[in-house]
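Notes follow the structure.
The values are calculated or read from the model by the stated rules, or taken from the named source; none is laboratory data. Treat the numbers as computed from the prediction; the structure is a model and nothing was measured. Note that each Cβ is placed from the backbone with ideal geometry, even for glycine, and that neighbours are counted across all protein chains shown. We work out accessible area using only protein heavy atoms, side chains counted, and drop any ligands, DNA or RNA first. Shrake-Rupley method; radii C 1.70, N 1.55, O 1.52, S 1.80 Å.
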Amino acid sequence: MSSTAEEPVTGPLISQETHEARRTSFGAGAADYDRVRPEWPAATLTWLLGDPTRALDVLDLGAGTGKGTRTLADLGHRVTAVEPSEGMLAVLRDGLGERDVRPVLGDAENLPLDDDSVDGAVCLQAWHWVDAERGGLQVARVLRPGGWFGLAWHQLDTSQDWTRELYAACRRPEAASTGESSGSLILTGVPGFGGFEHRQTTYDMVLSPDDLVTQVASWSHIAIHPEREQILADVRVLGERRADGGLLTLPHVTDCFRGQVEG
């Protein structure tokens, strides 16, 4: 269920119908999603898990196509990857190789895991799709005492002219003007957890204009937008104009939060 760099955690409320359409828009293009979305650096995931010094049993909640899952497994952790989209989970399975990962079809509100079964949990680019009341209690239930829960979102860095142009082309000028995509995320309370530490990092993604169009096409609000084809045409023109040597650098600010289970 992982989503895109364009998804805000805060912002104007949308209808339940629109929310559901966006939430379920990822599975059909899962292979493209995996190819053109930002990665999750090892240092970021290590911080989210409380800087462990040993291998852990880790829940990757809303694992999507496994972009974070693979990094966690490569760090030596034993990962249970829970994802509600069969299309996303199929791509995750295909990319695992010999990694120690157990893929599970399921959602945050009804985790198919036993009590006290994992040492740590992460939710990358997906918590805004979760019912925080139910999901928080489920994560707290499956975590062992003292376990850390880490949440993170990549957001486009709109301090640069060209990323502001990108948001405008995507019919989201409010994102660039309000700063909702450049580090002003607010994580509301999560049942079962006390306060969350906040840390902000940066992440640059290098991609071609074609891959930029593919990435934007999978953003949830673009996937269901009535002007989708025109938006993608505008993004292509922008990408080709802004490319340097045929490539673009897409800058991100990554908001990271971690908290320990209570009790």
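Residue order by solvent-accessible surface for TRP47, TRP153 is TRP47, TRP153, largest first, with ligands and nucleic acids left out and a 1.4 Å probe. Size of region 103-143: Rg and Dmax of its alpha carbons, in Å, are 9.7, 24. Straightening the chain between LEU75 and ALA31 buys 13.5 nm, computed as 0.36 nm per residue apart minus the Cα-Cα spacing. The simple Förster model, with R0 at 30 Å and r as the Cβ-Cβ distance, assigns SER117 and VAL206 a FRET efficiency of 0.20. Region 48-115 and region 191-263 have their alpha-carbon centroids 21 Å apart.
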